[in-house]
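Here's the structure we're looking at; comments come further down.
The values are calculated or read from the model by the stated rules, or taken from the named source; none is laboratory data. In this text the structure is predicted, and so the values were computed from the model without any measurement. Backbone-built Cβ (ideal geometry, glycine too); neighbour counts: all protein chains shown.
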Amino acid sequence: MGNVLVLGAGIMGLSTAWALDAAGHRVTVVEQDERPNPRGSSVDDHRLIRHAYGAATGYMRMVDQAYEAWDALFDAIGERPYAETGVLALGDSGTAPEADWFAASRRALRSDRHAIEDLSPGRLGSLFPWLRADGVSDAFLTPRGGVLMARRIVTALSRWLERRGVHFIQARAAGIDPARAELRLSDGRRIAGDQLVVAAGPWAPRLLSELSGRVVPSRQIIVYLEPPPEQREAWARAPMVLDLSEQGGFYAVPPVAGTGLKIGDHRFSCAGDPDDPREASAEERDTILALALPRLRDGESYRVLEARACYYDVEAQERFVVEPLSDRCVVMSGFSGHGFKFGPVLGRAVASALGDAARMEALPRWAAGDAAQEKDVAA
Ligand SMILES: Cc1cc2nc3c(=O)[nH]c(=O)nc-3n(C[C@H](O)[C@H](O)[C@H](O)COP(=O)(O)OP(=O)(O)OC[C@H]3O[C@@H](n4cnc5c(N)ncnc54)[C@H](O)[C@@H]3O)c2cc1C
């Protein structure tokens, strides 16, 4: 047991604080902004959880561990901000990368006995009246998968940790000394723990030269839409949508639990600074609409409610960087567009690896999605 300093109160820092607190450590979390931080990657209405991961079987299997960890975290905080919607994957024209993703996902899902239903264009049209199915050449539905209510989770977790006695400091770290497990704050103070966990989201590459060239902040646009009245009921029952079309594709989050219908794209901008203003330009907004609206029946009747930018921290292969920087410091970074679902399972893995050399050695490859590393890392 010892004093652990955690930098960042996004899902990674808070989940690690949760696991460290459960293991009996004294935890201090340093966060530059208010909590929850509306500029953090973790703070938006929703984040998705799904098993379909193409050939990335390590991450597909980590999703099972993620669900177990979410159950434990939800039990702890006493609420369950999650809606199971299922996942609809759509592809067009069978271009090679996309066909590979579908074939690899099917193979992996079936080999691990996850339920999956292939859908013909005719069935798509009857199941999902909001969808323009012409041009869709491949589709499947998995009943498992859904929407994590991200803002509610981060808010509730942060409050719960405070009630547990976790200490929060609102301050900006200007420098990190991994060997001393120390933060230099922007007001000149220095604080140190026995161990330090750096979970600074898209700001991390600025703080750690070790990440430069490996992880870059990426400005991503999301657009909230109001469907036409005749489609609202069907949207309320819709699965999350992953459209992997040749033109770039989009994802759509159905309006669950009082949230709005949201769309975004899969492509990384790998541009911008997380301190930049978050309003989306008309051009940024229209780029997302151009990907999604052609796929939606009566697409021109959807009303744009809001368009804005979020940032995440991209690693080129979308492999997480969870690595020791010294024997007293671990960094959690590179979560790209798919880290939220793994917050609690990664937090547990980091907490149990601190002070355990064998686990620490296995942690980076497992977190990077290496299927060969098995469950013991997250146990
Ligand atoms: C548009 C979008 C869609 C996404 N969709 C999904 C999805 O469907 N499914 C999924 O699983 N994931 C998704 N993600 C990714 C996921 O949200 C992120 O991987 C995850 O939230 C990263 O959490 P984090 O704690 O590392 O970062 P953050 O939430 O950004 O937390 C880092 C915190 O560190 C603080 N900080 C940084 N620097 C300093 C400093 N110097 N001093 C003090 N504090 C500091 C920040 O203020 C911030 O609060 C999406 C992300 C975006 C942006």
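Can you name the condition, by its number, that HIS266 falls short on among (1) over 22 Å from the mean Cα position of the chain (by Cα); (2) surrounded by fewer than 17 Cβ atoms within 10 Å (Cβ to Cβ)?
Here HIS266 meets the rest and fails (1).
Among (1) surrounded by fewer than 23 Cβ atoms within 10 Å (Cβ to Cβ); (2) touching a residue at least 40 places away in the same chain (Cβ under 8 Å), there is one condition ARG232 misses while meeting the rest; what is its number?
Among (1) surrounded by fewer than 23 Cβ atoms within 10 Å (Cβ to Cβ); (2) touching a residue at least 40 places away in the same chain (Cβ under 8 Å), ARG232 violates only (2).
Would you please list the contacts, defined by Cβ atoms under 6 Å and residues six or more apart or on different chains, that run from a residue in the range 193-209 that is assigned by TED's automatic domain parsing to the domain that holds MET332 to a residue that is within 11 Å of the ligand (Cβ to nearest atom) and in a helix (DSSP H, G or I)?
VAL197/THR16; ALA199/MET12; ALA199/GLY13; ALA200/LEU207
Might you check whether a residue that is without any contact (Cβ under 8 Å) to a residue 40 or more places away in the chain and out of contact with any strand residue (DSSP E or B) (no Cβ under 8 Å at 6 or more places or on another chain) occurs anywhere in the range 135-156?
Checking the range 135-156: not a single residue is without any contact (Cβ under 8 Å) to a residue 40 or more places away in the chain and out of contact with any strand residue (DSSP E or B) (no Cβ under 8 Å at 6 or more places or on another chain).
Kindly indicate the residue of the range 338-355 that is part of a loop (DSSP other than H, G, I, E, B) and closer than 20 Å to ASP194 by Cβ and also nearest to the ligand (Cβ to nearest atom) among those meeting that condition.
Of everything passing the filter in the range 338-355, LEU354 is nearest to the ligand (Cβ to nearest atom).
Count, please, the residues in the range 34-46 that happen to be within 6 Å of the ligand (Cβ to nearest atom) and within 10 Å of the chain's Cα centre (by Cα).
Qualifying residue count, the range 34-46: 2.
Between ALA56, ALA66, ALA17, which is within 28 Å of VAL136 (Cβ to Cβ) and small (Gly, Ala, Ser)?
The conditions single out ALA56.
Consider VAL216 carefully, then state whether it is aliphatic (A, V, I, L, M), at pLDDT 95 or above, surrounded by fewer than 22 Cβ atoms within 10 Å (Cβ to Cβ) and closer than 27 Å to CYS270 by Cβ.
Considered against the rule, which asks whether it is aliphatic (A, V, I, L, M), at pLDDT 95 or above, surrounded by fewer than 22 Cβ atoms within 10 Å (Cβ to Cβ) and closer than 27 Å to CYS270 by Cβ, VAL216 comes out as yes.
Within the group ILE49, ILE77, which residue is among the aliphatic types (A, V, I, L, M) and near the ligand (Cβ under 9 Å from one of its atoms)?
The unique qualifying residue is ILE49.
Of the residues in the range 17-33, how many are outside any strand (DSSP E or B) and more than 9 Å from the ligand (Cβ to nearest atom)?
Qualifying residue count for the region: 9.
Taking the stated definitions as given, is ALA55 more than 30 Å from ARG190 (Cα to Cα), away from the ligand (no atom under 14 Å from the Cβ) and touching a Ser or Thr at 6+ places or on another chain (Cβ under 9 Å)?
Criteria met by ALA55.
Can you list residue pairs whose Cβ atoms sit under 6 Å apart, with the first residue in the range 265-276 being outside the structural domain of SER42 (by TED's automatic domain parsing) and more than 18 Å from ALA290 (Cβ to Cβ) and the second being within 11 Å of the ligand (Cβ to nearest atom) and among the charged types (D, E, K, R)? Count only pairs 6 or more apart in sequence or on different chains.
ALA271/ARG219; GLY272/ARG219
Test SER15 against the stated conditions and say whether it is touching a Cys at 6+ places or on another chain (Cβ under 7 Å), polar (S, T, N, Q), touching a residue at least 24 places away in the same chain (Cβ under 8 Å) and crowded, with 17+ Cβ neighbours inside 10 Å.
For SER15, the condition - touching a Cys at 6+ places or on another chain (Cβ under 7 Å), polar (S, T, N, Q), touching a residue at least 24 places away in the same chain (Cβ under 8 Å) and crowded, with 17+ Cβ neighbours inside 10 Å - is not met.
Which condition number does VAL4 fail, the rest of (1) within 14 Å of the ligand (Cβ to nearest atom); (2) buried (at least 20 other Cβ atoms within 10 Å of the Cβ) being met?
Every condition holds for VAL4 apart from (1).
Out of the helices (runs of 4 or more DSSP H) lying entirely within the range 58-167, which hold 1 or more residues that are surrounded by fewer than 17 Cβ atoms within 10 Å (Cβ to Cβ) and either modelled with pLDDT of 95 or more or in contact with a His (Cβ under 6 Å, 6 or more places away or on another chain) (or both)?
Result: 96-111, 150-164.
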